[in-house]
Amino acid sequence: MCGFVRTRFSEEETATIRTFQTLFGTKIVDFVIVLFTGGDELKDKDETLEDYLGRECPVGLKDIIAASKNRYLVFNNKT
């Protein structure tokens, strides 16, 4: 699953994850890694992903991150 630091996690994206769970079963989260792009923007603001998620993370995304046992990565787009 891919998310962007620059944009908000929408209800449509939450619904997509629920659809995947319906189609493939709840165990799908055992294979999910949440990927965030735009890590360079966080670095430019001297901010961590944890800061960003604590401030702007919607409940649906928090649920997905928790269900996937906090498996997430941040990619820097500049390097």
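The values are calculated or read from the model by the stated rules, or taken from the named source; none is laboratory data. Owing to the predicted nature of the structure, the values given are computational and were not obtained by experimental measurement. Backbone-built Cβ (ideal geometry, glycine too); neighbour counts: all protein chains shown.
Some points to look at:
- Index of the failed condition, Val29 passing every other in (1) loosely packed, with under 14 Cβ neighbours inside 10 Å; (2) in a helix (DSSP H, G or I); (3) not aromatic (Phe, Trp, Tyr): (1)
- Region 63-79, residues that are buried (at least 16 other Cβ atoms within 10 Å of the Cβ), without any contact (Cβ under 8 Å) to a residue 40 or more places away in the chain and in a helix (DSSP H, G or I): Ile65, Ala67
- Subset of region 35-62 [touching a helix residue (DSSP H, G or I) at 6+ places or on another chain (Cβ under 8 Å), part of a helix (DSSP H, G or I) and within 18 Å of Glu12 (Cα to Cα)]: Gly60, Leu61, Lys62
- Scanning region 59-70 for residues that are over 10 Å from the mean Cα position of the chain (by Cα) and modelled with pLDDT under 85 turns up just one, Val59.
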